[in-house]
Amino acid sequence: MELVNLSGMRRAGRSAAATLANAARILRPGLATAAIDRLVRTDTKRRGGRPSQLGYHGFPASVCVSRNHVVCHGIPKDSEILEDGDIVNIDVTTELDGWNGDCSATFFVGRPSPEATHVVDVARRCRDVGIAAVQPGATIGDIAAVIMELAASEGCSIVEEYGGHGIGRKMHQPPSVMYVGERGDGMVLRPGMAITIEPMINLGSSTVRVLDDGWTVVTADGQLSAQFEHTVVVTEEGAVVTTRGPVSAGGTAGRRSGRRRR
Ligand code: MF3
Ligand code: CO
Ligand code: CO
């Protein structure tokens, strides 16, 4: 698989994370999800990047917006209006100077229910234990194992049909990074490889289906699904997350608001 340029990946990742942070700032009840698409398109261009998702296998938008029981690949719409109590995943991928950064987070709109808080919290922690398992010599199965153990211990399930991927000059490239697997299985990680960690975590059953639009993936039981994603480069020292947001990077801590979850 392709070995990446770390500084190129960092620049693309930082851009994607900054756009994601700006998208999060406009969320409120009453907002049409199409407004998130317009912001992502403009903000990405302003940074000199291109939204990698726009036109990808015909995907019609610059960003995926996946609300409540939508697992992933939600298409933003003028007719889809955010409501108090919603959870909404925003997934931003930016190509900048030939490299890609891919990140997402699930945000609360207004006041979340205890169930929503739980699934969002578990999804973030699953992403983070997955990242912590990334190091030279580890396998993709090692990442899956820690994520599975955490999800199971919190009573949540993991979507099996979709997962992470290699990333670099292309948004999606081998290997595929599934989150159901066993320690020691799958590809061995080596310095210079870049992958995404992006488990989709369901409150109910892991079964999903795709809507007639050919993109929108929803839970079969209609229960909530949440997801967080970072792009990670394997180095000799361990994992470097290229898509940390402006807040965690220490730049704009004053803008942190209660509903942001990064
Ligand atoms: N950013 C998404 C991911 O995490 C890519 C979705 S493909 C699209 O892999 F075509 F739906 F945009
Ligand atoms: Co993504
Ligand atoms: Co991805």
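Just a few scattered comments:
- Once C-alpha pairs closer than 8 Å and six or more residues apart are averaged by separation and normalised to the residue number of the range 27-140, the relative contact order reads 24 percent.
- Divided by 2.2 N^0.38 Å, where N counts the residues, the Cα radius of gyration of the range 86-184 comes to 1.17.
- Highest-first arrangement of 60-66, 137-143, where packing means the average Cβ count within 10 Å: 60-66, 137-143
- Protection proxy ranking for 82-89, 11-18, using the average of other Cβ atoms within 10 Å per residue and placing the highest first: 11-18, 82-89.
- Computed about the Cα centre, the dipole magnitude for the chain is approximately 1340 debye when only Lys and Arg (+1) and Asp and Glu (-1) carry charge, each at its Cβ.
- The chain - percent relative contact order, Cα under 8 Å, separation 6 or more: 24
- Under 11 Å from the Ala132 label point (7 Å along Cα→beta-carbon), backbone N, the range 1-41: none
- Only helices enter the 222 nm calculation for the chain: every DSSP H run of n ≥ 4 contributes -39,500 (n - 2.57), and dividing by all residues gives -8500 deg cm²/dmol, rounded to 500.
- Virtual paramagnetic centre 7 Å along Cα→Cβ of Val188, amide N under 11 Å, in the range 135-158: 137-139
- Rg/Rh, computed from the Cα trace of the range 11-108 with Rh as the Kirkwood radius, has the value 0.95.
- Convex hull volume of the C-alpha atoms in the range 144-208, normalised per residue: 85 Å³.
- Its Cα gyration tensor gives the chain an equivalent ellipsoid. The semi-axes, each the square root of 5 times an eigenvalue, are 25, 22, 17 Å from largest down.
- Total charge dipole magnitude, the range 165-215, about the Cα centre, Cβ charges on Lys, Arg, Asp, Glu only, Debye to nearest 20: 280
- A simple spin-label model places pseudo-atoms 7 Å from Cα toward Cβ; at Thr207 and Glu149 they are separated by 3.0 nm.
- In the full protein context, the range 17-119 carries 37 Å² of accessible surface per residue, based on a 1.4 Å probe and ignoring ligands, DNA and RNA.
- Protein heavy-atom surface of the chain, 1.4 angstrom probe: 50% of the accessible area is carbon and sulfur, with nucleic acids and ligands not counted.
The values are calculated or read from the model by the stated rules, or taken from the named source; none is laboratory data. Keep in mind that what you see is a predicted model, and the values were worked out from it rather than measured. FYI the Cβ positions are ideal-geometry reconstructions off the backbone, even for glycines, and counts take in every protein chain you see. Accessible surface is based on the protein model in full, side chains and every heavy atom, while ligands, DNA and RNA are left aside. Shrake-Rupley method; radii C 1.70, N 1.55, O 1.52, S 1.80 Å.
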